[in-house]
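The values are calculated or read from the model by the stated rules, or taken from the named source; none is laboratory data. As the structure is a computational prediction, the values presented were derived from the model and not from experiment. With ideal geometry, Cβ positions are generated from the backbone for all residues, glycine too; neighbour counts draw on all protein chains shown. SASA here: full protein model, heavy atoms, side chains in, ligands and nucleic acids out. Shrake-Rupley method; radii C 1.70, N 1.55, O 1.52, S 1.80 Å.
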Amino acid sequence: MTDRPAILIMQRHLAPLTAFLDGPYVVYRFWEGPPVEAQNDIRALVVAGEFPLDKALIERLPNLEQIACFTAGYEQIDIDWCRARGLKVSHAPGVNHEDVADHALALILAARRRIVTGDRQVRAGGWTSESKTITASLKDQRVGVVGLGAIGEAVARRCAALRMTVSWWGPRDKAAAWPRAASLLDLAKASDILVVACRADDDNRGLISREVIEALGPDGLLVNVARGQLVDEDALIAALKSGRLGGAALDVFEPEPTDPARWADLPDVVLTPHTGGATTQAVQAMLMLLLQNLDAGLNGRDLVTPIP
């Protein structure tokens with residue numbers, strides 16, 4: 001064993017964390033090659049929760065104690081499997097839900113007020129005195145929120161403040177300021193805009209199905225700021241091409257990064273590269289929780305934010 005605890009960063013996009021971890025810890029990076037010579041030393045993995053956990057790798061690390069998830073979401077981590085092996089698992093809850101809700105509202109505005117289309121028109125010299133784009137007012141738009149957790153509630157508050165009518169659906173009822181639809185399909189039928197904001201897991205893959213997409217209809221807008229796996233992308237693209245869905249505004253995809261060819265020449269689509277929660281303040285808070293959880297877990301103390 002090394003004098004300093006050894007940790008393994010699993011995903012390449014987490015590489016900037018090295019600068020903050022390489023001091024108190026010996027840092028290995030999985031994409032540089034599995035550290036076979038150090039497998040007995042590694043005591044913690046640093047992961048992003050949207051990526052599948054490498055169980056075969058874990059089985060080869062006899063002194064592994066902790067899975068430190070940098071993100072709030074942890075849908076690809078088999079928590080029961082980890083617990084059965086005595087592994088502590090942490091994440092970063094409650095740090096970016098307001099930012100994600102801001103991004104959802106930005107996507108709604110960009111799509112409904114045709115912000116991206118207008119930008120391209122001006123840059124291409126297509127704005128003339130005769131060309132005037134008329135867009136929909138947000139007032140009285142019916143917004144359906146799928147999942148009324150921290151992100152969903154924040155989205156609902158913003159939409160209500162902009163004079164939109166809000167309802168929601170989730171598998172479990174809860175006290176809320178807005179009415180709950182009897183089913184997801186009923187919510188889609190009664191909505192002009194459907195915002196996907198629920199947690200993803202193996203049980204709700206493809207939750208936004210062809211039937212739900214078509215219930216939203218040719219004037220409807222689908223917004224996804226949750227996880228790409230929640231939406232049947234093939235059905236979504238087919239509905240956009242045929243005009244059975246009015247538009248889509250997406251920050252998440254499956255897989256990521258998405259293939260740009262899938263979205264080429266699709267009408268009424270706004271796309272962003274999974275940046276909804278990636279604000280400076282949120283990333284700093286996630287980093288702080290990561291450092292605190294690693295310090296606690298590797299020194300025999302209770303985790304600061306364990307996965308419940």
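What number goes with the only condition from (1) in a loop (DSSP other than H, G, I, E, B); (2) more than 22 Å from residue 108 (Cα to Cα) that residue 274 does not pass?
Of (1) in a loop (DSSP other than H, G, I, E, B); (2) more than 22 Å from residue 108 (Cα to Cα), only one is false for residue 274: (2).
Can you tell me which of 177, 188, 156, 160 is in contact (Cβ under 8 Å) with a residue 24 or more places away in the chain and either in contact with a helix residue (DSSP H, G or I) (Cβ under 9 Å, 6 or more places away or on another chain) or over 13 Å from residue 223 (Cα atoms) (or both)?
188
From the list 136, 92, exactly one residue is modelled with pLDDT under 95, part of a loop (DSSP other than H, G, I, E, B) and in contact with a helix residue (DSSP H, G or I) (Cβ under 6 Å, 6 or more places away or on another chain). Which is it?
Values: 92 fails: modelled with pLDDT under 95.
From the options 136, 92, the qualifying one is 136.
What residue, of 66, 141, is touching an Asp or Glu at 6+ places or on another chain (Cβ under 7 Å) and touching a residue at least 24 places away in the same chain (Cβ under 8 Å)? Step through it out loud before you land on a result.
Working: 66 fails: touching an Asp or Glu at 6+ places or on another chain (Cβ under 7 Å).
Just one listed residue meets the conditions, 141.
Looking only at residues in segment 4-63 that are outside any helix (DSSP H, G or I) and of a type in the set (Asp, Glu), which one is farthest from the chain's Cα centre (by Cα)?
At the first step, the residues of segment 4-63 found to be outside any helix (DSSP H, G or I) are 4-11, 22-29, 33-35, 39-54, 60-63.
Those still in the list that are of a type in the set (Asp, Glu) too: 22, 41, 50, 54.
Details: 22: 28, 41: 32, 50: 8, 54: 20 Å.
Here the residue is 41.
Which of the residues belonging to segment 136-156 are touching a Ser or Thr at 6+ places or on another chain (Cβ under 9 Å) and surrounded by fewer than 16 Cβ atoms within 10 Å (Cβ to Cβ)?
140
For segment 75-89, enumerate the residues that are more than 18 Å from residue 292 (Cα to Cα) and either open to solvent by 50 Å² or more (accessible area, probe 1.4 Å) or in a loop (DSSP other than H, G, I, E, B) (or both). Reasoning before the result, please.
Let us first name the residues in segment 75-89 that are more than 18 Å from residue 292 (Cα to Cα), namely 75-86.
Result: 75, 76, 77, 78, 80, 83, 84, 85, 86.
In segment 238-256, is there at least one residue being more than 30 Å from residue 87 (Cα to Cα), modelled with pLDDT of 95 or more and among the aromatic types (Phe, Trp, Tyr)?
There is no residue in segment 238-256 that is more than 30 Å from residue 87 (Cα to Cα), modelled with pLDDT of 95 or more and among the aromatic types (Phe, Trp, Tyr).
Condition check ((1) modelled with pLDDT of 95 or more; (2) in contact with a strand residue (DSSP E or B) (Cβ under 7 Å, 6 or more places away or on another chain); (3) open to solvent by less than 30 Å² (accessible area, probe 1.4 Å)) across all residues:
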position: 7; (1), (2), (3): yes, yes, yes
position: 28; (1), (2), (3): yes, yes, no
position: 37; (1), (2), (3): no, no, no
position: 51; (1), (2), (3): no, no, no
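Yes/no matrix, rows are residues, columns are (1) open to solvent by 60 Å² or more (accessible area, probe 1.4 Å); (2) touching a strand residue (DSSP E or B) at 6+ places or on another chain (Cβ under 6 Å); (3) small (Gly, Ala, Ser); (4) under 26 Å from residue 87 (Cβ atoms):
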position: 269; (1), (2), (3), (4): no, yes, no, no
position: 276; (1), (2), (3), (4): no, no, yes, no
position: 291; (1), (2), (3), (4): no, no, no, yes
position: 296; (1), (2), (3), (4): no, no, yes, yes
